[in-house]
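A.B. asks: Quick one: structure below, then a few questions.
The values are calculated or read from the model by the stated rules, or taken from the named source; none is laboratory data. Keep in mind that this is a model prediction, so the values were computed, not measured. Heads up, the Cβs are rebuilt from the backbone with ideal geometry, glycines too, and the neighbour counts pull from every protein chain shown.
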């Protein structure tokens, strides 16, 4: 058995009545990897996550999470998971330090949780440790949600829209925390978000779910190369600024310099973002043209 394999999902299927929500989802994840699960509403993201967390029974397929089948796993297995939901609506009267210290006791029979003050520092709530939860701002409350999710030092962490309500500084701090958990704690992280820029920044790999199946699996750069999304090329020639969109940026720039040489100035090449790629894939899939929209990997440098 591969000890680094945290998630091993094969042909996962889920049917509600006559409606097939998942139609054969297959993917893997390893220790310390950050995965982003993307997809339009109704694609099956929530159902997939709930099955992996052990909160929903699947219809068919093989699911191994931390070496166990979630449908039959025990409390020792569950203590190895961390979950950060979109929002929590309880704990209002608790003080931050007291709440996290109390929750840590639930993990002690199974594993060593975070030291409470260290955890509070990690999520940036030191100055608010004695406040009641109801006194926290939205961003501070979201930091507390993250602390609740990782208090047991999970081997696998599920993050659902984790930075909703964060200001730019808090978002940057959170991204640093995610990288620290993955790199230092070797925590595997499965992230669901509608913020594609965040997914592109955080994720080692991106899974795009559509129609109940994974239609793409790879890094942001790998996915961009697979789809014929356009690249924007900007340059200056004899004092005039030009902009051109092309699907063959390397060839276009080569021809541009071949024709004008040193007269070209201010060259900028903006390849398609993850958002561009995501939209291209989903639109192509929903229109039934996904296979024809894919392109072969190209050699960037000729």
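A.B. asks: Of the numbered conditions (1) at pLDDT below 90; (2) assigned to a strand (DSSP E or B); (3) touching a helix residue (DSSP H, G or I) at 6+ places or on another chain (Cβ under 9 Å), residue 223 satisfies every one except a single condition; which is it?
C.D. replies: (2)
A.B. asks: Out of 43, 36, which single residue is touching a residue at least 40 places away in the same chain (Cβ under 8 Å) and either part of a strand (DSSP E or B) or out of contact with any strand residue (DSSP E or B) (no Cβ under 8 Å at 6 or more places or on another chain) (or both)? Before the answer, list the steps.
C.D. replies: Details: 43 fails: either part of a strand (DSSP E or B) or out of contact with any strand residue (DSSP E or B) (no Cβ under 8 Å at 6 or more places or on another chain) (or both).
Going through 43, 36 in turn, just one is touching a residue at least 40 places away in the same chain (Cβ under 8 Å) and either part of a strand (DSSP E or B) or out of contact with any strand residue (DSSP E or B) (no Cβ under 8 Å at 6 or more places or on another chain) (or both): 36.
A.B. asks: Continuing with this model, one more query. Checking residue 3 against (1) assigned to a loop (DSSP other than H, G, I, E, B); (2) surrounded by 15 or more Cβ atoms within 10 Å (Cβ to Cβ), which single condition isn't satisfied?
C.D. replies: Going through (1) assigned to a loop (DSSP other than H, G, I, E, B); (2) surrounded by 15 or more Cβ atoms within 10 Å (Cβ to Cβ) one by one, residue 3 breaks only (2).
A.B. asks: Name the residue that is farthest from residue 127 (Cα to Cα), counting only residues in region 63-84 that are in a helix (DSSP H, G or I) and under 25 Å from the mean Cα position of the chain (by Cα).
C.D. replies: Taking region 63-84 first, the residues in a helix (DSSP H, G or I) are 70-72, 75-78.
Then keep just the ones that are under 25 Å from the mean Cα position of the chain (by Cα); that gives 70-71, 77-78.
Details: 70: 38, 71: 41, 77: 34, 78: 31 Å.
Only one residue fits best here, namely 71.
A.B. asks: Using beta carbons and a limit of 7 Å, which pairs, at least six apart or on different chains, have the first residue in region 183-206 and free of Cβ contacts under 8 Å to residues at least 40 places away in the same chain and the second one assigned to a helix (DSSP H, G or I) and surrounded by fewer than 23 Cβ atoms within 10 Å (Cβ to Cβ)?
C.D. replies: 201/175
A.B. asks: From 87, 121, grab the single residue that is assigned to a helix (DSSP H, G or I) and modelled with pLDDT under 95.
C.D. replies: Testing whether each residue is assigned to a helix (DSSP H, G or I) and modelled with pLDDT under 95 leaves just 121.
A.B. asks: Suppose we keep only residues that are closer than 23 Å to residue 180 by Cα and touching a strand residue (DSSP E or B) at 6+ places or on another chain (Cβ under 6 Å) within region 96-147. Which one would you say is surrounded by the most Cβ atoms within 10 Å (Cβ to Cβ)?
C.D. replies: Of everything passing the filter in region 96-147, 146 is surrounded by the most Cβ atoms within 10 Å (Cβ to Cβ).
A.B. asks: Take region 258-275 and flag every residue that is in contact (Cβ under 8 Å) with a residue 24 or more places away in the chain and part of a helix (DSSP H, G or I). Give the steps one after another, and end with the answer.
C.D. replies: Start the filter on region 258-275 by keeping residues that are in contact (Cβ under 8 Å) with a residue 24 or more places away in the chain, which leaves 263-275.
263, 274, 275 - these are the residues of region 258-275 that are in contact (Cβ under 8 Å) with a residue 24 or more places away in the chain and part of a helix (DSSP H, G or I).
Here is a yes/no grid of residues against (1) under 23 Å from residue 197 (Cβ atoms); (2) not assigned by TED's automatic domain parsing to the domain that holds residue 280:
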{"site": "209", "(1), (2)": "yes, yes"}
{"site": "232", "(1), (2)": "yes, no"}
{"site": "241", "(1), (2)": "no, no"}
{"site": "245", "(1), (2)": "yes, no"}
{"site": "255", "(1), (2)": "no, no"}
{"site": "262", "(1), (2)": "no, no"}
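A.B. asks: Would you call residue 29 part of a loop (DSSP other than H, G, I, E, B), touching a residue at least 60 places away in the same chain (Cβ under 8 Å), in contact with a strand residue (DSSP E or B) (Cβ under 6 Å, 6 or more places away or on another chain) and surrounded by 16 or more Cβ atoms within 10 Å (Cβ to Cβ)? Can you show your working first?
C.D. replies: On the way: part of a loop (DSSP other than H, G, I, E, B): no; touching a residue at least 60 places away in the same chain (Cβ under 8 Å): yes; in contact with a strand residue (DSSP E or B) (Cβ under 6 Å, 6 or more places away or on another chain): yes; surrounded by 16 or more Cβ atoms within 10 Å (Cβ to Cβ): yes.
So residue 29 does not fit the description; no.
A.B. asks: Scan region 132-162 for residues that are farther than 16 Å from residue 122 by Cβ, in contact (Cβ under 8 Å) with a residue 12 or more places away in the chain and in a loop (DSSP other than H, G, I, E, B) and report the count.
C.D. replies: 3
A.B. asks: Looking only at region 67-82, which residues are in contact (Cβ under 8 Å) with a residue 40 or more places away in the chain and surrounded by 18 or more Cβ atoms within 10 Å (Cβ to Cβ)?
C.D. replies: So the first thing to find is which residues in region 67-82 are in contact (Cβ under 8 Å) with a residue 40 or more places away in the chain, and the list is 67, 79-82.
Hits for region 67-82 are 79, 80, 81, 82.
A.B. asks: Out of (1) part of a helix (DSSP H, G or I); (2) in contact with a strand residue (DSSP E or B) (Cβ under 9 Å, 6 or more places away or on another chain); (3) without any contact (Cβ under 8 Å) to a residue 12 or more places away in the chain, the odd one out for residue 243 is which?
C.D. replies: With (1) part of a helix (DSSP H, G or I); (2) in contact with a strand residue (DSSP E or B) (Cβ under 9 Å, 6 or more places away or on another chain); (3) without any contact (Cβ under 8 Å) to a residue 12 or more places away in the chain applied to residue 243, the lone miss is (1).
A.B. asks: How many residues does region 63-84 contain that are within 30 Å of residue 164 (Cα to Cα) and in contact with a helix residue (DSSP H, G or I) (Cβ under 7 Å, 6 or more places away or on another chain)?
C.D. replies: 8
A.B. asks: Scan region 186-208 for residues that are in contact with a strand residue (DSSP E or B) (Cβ under 9 Å, 6 or more places away or on another chain), under 25 Å from residue 65 (Cβ atoms) and outside any strand (DSSP E or B) and report the count. Explain how you work it out, then say what you get.
C.D. replies: From region 186-208, those in contact with a strand residue (DSSP E or B) (Cβ under 9 Å, 6 or more places away or on another chain) are 187-194, 196, 198-200, 202-208; that's our starting set.
Remaining after also requiring under 25 Å from residue 65 (Cβ atoms): 187-194, 198-199, 202-208.
Subsequent filtering for residues that are outside any strand (DSSP E or B) retains 187, 193-194, 198-199, 202-204.
Count: 8.
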